[in-house]
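Inspection log for the structure reproduced underneath, given as C-alpha cells.
The values are calculated or read from the model by the stated rules, or taken from the named source; none is laboratory data. Predicted, not measured: the structure shown is a model, and the values here were computed from it. Note: ideal-geometry Cβ built from the backbone for every residue, glycine included; neighbour counts use all protein chains shown. Only protein heavy atoms, including side chains, enter the accessible area calculation; ligands, DNA and RNA are left aside. Shrake-Rupley method; radii C 1.70, N 1.55, O 1.52, S 1.80 Å.
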Amino acid sequence: MTQPNDSTAGLSRPVRARRSVLYVPANNSRAMEKAAGLACDAVIIDLEDAVGPDDKARARGTLKNWLSEIRSADKEYVIRINALASEWGGDDLEAACACLPDAILLPKAERAGDILEAEAILSDLDPEEEIRLWAMVETPRGISNAVSIADTGNRSQGRLDCLVAGTNDLAKDTGVVLPDGRSFMQPWLMQIILAARAAGLDALDGVYNNFRDPDGFRSECETGRLMGFDGKTLIHPAQIEAANDVFGADADAITVAHSIVAAFSKAENAGKGVIQIDGKMVERLHLEQAEKLLKKAALQQNPKQDGVAR
C-alpha cells in the first residue's frame, strides 16, 4: 500500500525537456555512439526487448565502458533493464546502477510493489539517491494500477520520475491493432497521463513502429500532445525532428507564458490568486504552468542546463 499523495514528498525533480526519447539497443555500439550526437532529449539504452537472451551478458558487460566514454552532457541517459522477476533483472539492475545513468527504466510495471522492490535494491547500490526510476505501463494490470504505481513517486525519498506508455505490449495483450486501433487505446493512455499528473510525474507516449511513415508519425505525435503527453518514445533517429517540433514550446505559447509571469511579478498583483490579462482571467495555477513551460523552452535552447537542482 502506498502512502497518501503528497506532491512535495518525493525527491526534488528537475524540469526536463523530454520531447524525443530514443531507444537504442545495448548490444549495438555503433547506434549508441551515434545517439550521443543526435538531437533527441533522452536516450534509452535497452537491455530488454532489443537484446536476445544469448547476448544479454555481453551487452551488460560493455555498457559501463560505453556510457562513461560517450555520454554527452546535453541529454538524459536511461537504461531499460529486464523485469526484476526475470532471470536477468537482478544483474541488469546492478550493472545499470554502476553506470550512474540519469534513470533506470523498469519494464512491465504492474503494481506499486514493483517500484518499491527496485527502490529497496537501489538504496544499497545508490545510497546518494542520484539515480531515478522510470516505469513502463504496458499491461492491462499496469493500466489498472497506474495510480498506485505513480503514487510511489510521492513517498518520502521516492525515486519514480516518469511513466512510459508501452503501446506495443498493450496492443499484444488486449488485441488492439496498431496504428489504426489506437483510438480505442486512448482511454487507457489517458489513465497513464492522469496517474502521472496526480503524482507530479512526466508521461511519455509509446513508439510509432513505421519510421518510414513520417506523416503518420507526426499525426500520432500531435494526438499525443493534445492528450497531455510530455514527449514520445522513438525507434529511429528519423523521428526525432518531428517529435521535437510537435512537443516543443511554440513561439506563441512562450509569448503568453512571459506575459503571465510578468503580470504576476508586478507589485500590485502580489498575493493575488486571480488577475486579468488582456480581458482573460488568469489564476496562479496558470503562473505555475507558464514558469514550467519557460524552463522547458530554455532547455530546448540550451540542453546543458537543468530546470532545477537535483
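Just to confirm, what accessible area per residue do you get for segment 254-294 at 1.4 Å probe, in whole Å²?
I get 68 Å² per residue for segment 254-294.
Report, to the nearest 10°, how far helix 56-70 tilts away from the longest principal axis of the Cα atoms in the chain, using its own Cα long axis and a range of 0 to 90°.
50
Could you give the angle, 0 to 90 degrees to the nearest 10, between helix 112-125's Cα long axis and the longest principal axis of the Cα atoms of the chain?
70
If you roll a 1.4 Å probe over segment 73-144 with all protein chains in place, what percent of the accessible area is carbon or sulfur?
Numbers: 1250 of 2680 Å².
For segment 73-144, the apolar C and S fraction of the accessible surface comes to 47 percent.
Once the Cβ-Cβ distance between Asp278 and Ser123 is put in as r, and R0 is 35 Å, what FRET efficiency do you end up with, to the nearest 0.05?
My answer for the efficiency is 0.10.
Whole angstrom only: what separates the Cα centroid of segment 150-187 from the Cα centroid of segment 57-131?
Computed from Cα coordinates, the inter-centre distance equals 20 Å.
His286 accessible area, nearest 10 Å², 1.4 Å probe?
Rounded to the nearest 10, the figure is 60 Å².
Can you tell me the length gained on complete extension of the stretch Asn65 to Asp49, counting 0.36 nm per residue apart and subtracting the Cα distance? Walk me through the numbers before you get to the answer.
Numbers: separation 16, 0.36 × 16 = 5.76 nm, distance 2.14 nm.
Stretched fully, the Asn65-Asp49 segment lengthens by 3.6 nm.
For segment 165-216, what % of the accessible area comes from carbon and sulfur atoms, probe 1.4 Å? Present the calculation step by step, with values, prior to reporting the outcome.
On the way: 1380 of 2500 Å².
So the carbon and sulfur contribution to the accessible surface is 55 percent.
Enter the accessible area of Trp88 (Å², nearest 10), with the probe set to 1.4 Å and all protein chains included.
For Trp88, the solvent-accessible surface is approximately 60 Å².
Ordered by residue, what ³J(HN,Hα) values in Hz, to whole numbers, does segment 83-90 give under the Karplus form 6.51 cos²θ - 1.76 cosθ + 1.60, where θ = phi - 60° and Gly and Pro are x?
Residue by residue, segment 83-90 yields 4, 4, 6, 7, 6, 9, x, x Hz.
Could you tell me how many degrees, from 0 to 90 and to the nearest 10, lie between the Cα long axis of helix 284-301 and the main elongation axis, the longest principal axis, of the Cα atoms of the chain?
50
Of the heavy-atom accessible surface of segment 12-53 (probe 1.4 angstrom), what whole percent is carbon and sulfur?
The computed percentage sits at 46.
Could you provide, to the nearest whole Å², the per residue accessible area of segment 77-165 with probe 1.4 Å? It would help to have the intermediate numbers written out before the result.
On the way: 2960 Å² over 89 residues.
Result: 33 Å² of accessible area for each residue.
From the backbone phi of segment 225-240, what are the Karplus-calculated ³J(HN,Hα) couplings (6.51 cos²θ - 1.76 cosθ + 1.60, θ = phi - 60°) in whole Hz, Gly and Pro given as x?
Those phi angles translate into 5, 4, 5, x, 5, 7, x, 9, 7, 10, 10, 8, x, 5, 8, 5 Hz.
Quick one: how many Å² of Asp215 are accessible to a 1.4 Å probe, rounded to 10?
130
Would you kindly state how much longer the chain becomes between Glu94 and Glu222 on full extension, computed as 0.36 nm times their sequence separation minus their alpha carbon distance, in nm to one decimal?
42.3 nm
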